[in-house]
1. Over the range 3-100, what relative contact order in percent results from Cα pairs under 8 Å that are six or more residues apart?
2. What dipole magnitude, in Debye to the nearest 20, does the chain give about its Cα centre under +1 on Lys/Arg Cβ and -1 on Asp/Glu Cβ?
3. Rounded to the nearest angstrom and ordered from largest down, what semi-axes does the equivalent ellipsoid of the chain get from its C-alpha gyration tensor (root of 5λ)?
4. Would you work out which of 107, 83, 142 lies farthest towards the positive end of the dipole of the chain, given +1 charges on the beta-carbon of Lys and Arg and -1 on that of Asp and Glu, about the Cα centre?
5. Using a cut-off of 12 Å between beta-carbons, work out the net charge of the residues near residue 11 (Lys and Arg +1, Asp and Glu -1, residue 11 not included).
6. With a cut-off of 19 Å, note down the residues of the range 95-114 whose backbone N falls inside the zone around a label point 7 Å from the Cα of residue 137 toward its beta carbon.
7. How high is the FRET efficiency from residue 62 to residue 88, r the C-beta distance, R0 22 Å, rounded to 0.05?
8. Quick one: work out the % antiparallel among DSSP beta bridges in the chain, nearest 5.
Amino acid sequence: MGQLRLERHLHGVHVVLMCTDDAEEQAEWVLSVLERLPPGGLIPGRTLRFGWSNLRLDPRGDSLVVTEPDFDGNPLTDWRDDITVTLRVQGRMLETTQTVGTEPLFPRYGDKVAAVPGWDRSPRVAMARARTPEGTDSGWLIVPP
C-alpha cells in the first residue's frame, strides 16, 4: 500500500490531500465536497465535520492541506497530514449501517459512548441512542442483546 497525494485547484485555492492509495475513491469524494463549498469557503484553519471525525484546512505556503486529528497521538489537540484513518473508519461505519439497513448516525471521536461490560465478547451487540444527546455525550449505549 502506497501513499497518495491528490492536488486540486478549487475556487482559486491549491488544495492538497494525502492518504493511502487504497482510500483514493473516498479521498476524491472529500475533494468533491470541498469543491461544493461556496466561493470563499476554503478558509485557512477551517475545521469541517466529516461524519465521526473532523478535517481541517491547514495553510502550507500557497496551499491548504487537508488534515485529520492525530489518532496515534492526541486527537484533541494535534493534527496530521494523512487522513487515512478518518476515511477508513467512515467507510466501515457506512458499510455497517448499509449492511444492517439503518440510517447512519455517528458519534464523534471525542464523544462519550457508554457500553455495558462484556459487550466486546458478545458475538452480537445492540446499540441504542437517546434522541437528544447533550454536550459531549453521544447518546449511544452498546449492550449485548
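1. Details: 141 pairs, mean separation 24.4, N = 98.
This gives 25 percent for the range 3-100.
2. Numbers: 16 positive and 21 negative charges, 112 e Å.
The dipole magnitude comes to about 540 debye.
3. On the way: eigenvalues 198, 53, 43 Å².
Over the Cα atoms of the chain, the ellipsoid semi-axes are 31, 16, 15 Å.
4. Value computed over the given set: 142.
5. Working: positive: 8, 36; negative: 35.
Counting the neighbours of residue 11, the net charge comes to +1.
6. Residues 106-114 fall inside that zone.
7. On the way: r = 29 Å, r/R0 = 1.34.
Efficiency for this residue pair is about 0.15.
8. Expressed as a percentage, antiparallel bridges in the chain total about 75.
Where a number appears in this text, it was derived from the coordinates with a stated rule and is not lab data. What you are looking at is a predicted structure, and each value in this text was computed from that prediction instead of being measured. A quick note on method: Cβ atoms are made from the backbone with ideal geometry, for glycine too, and the neighbour counts reach across all protein chains shown.
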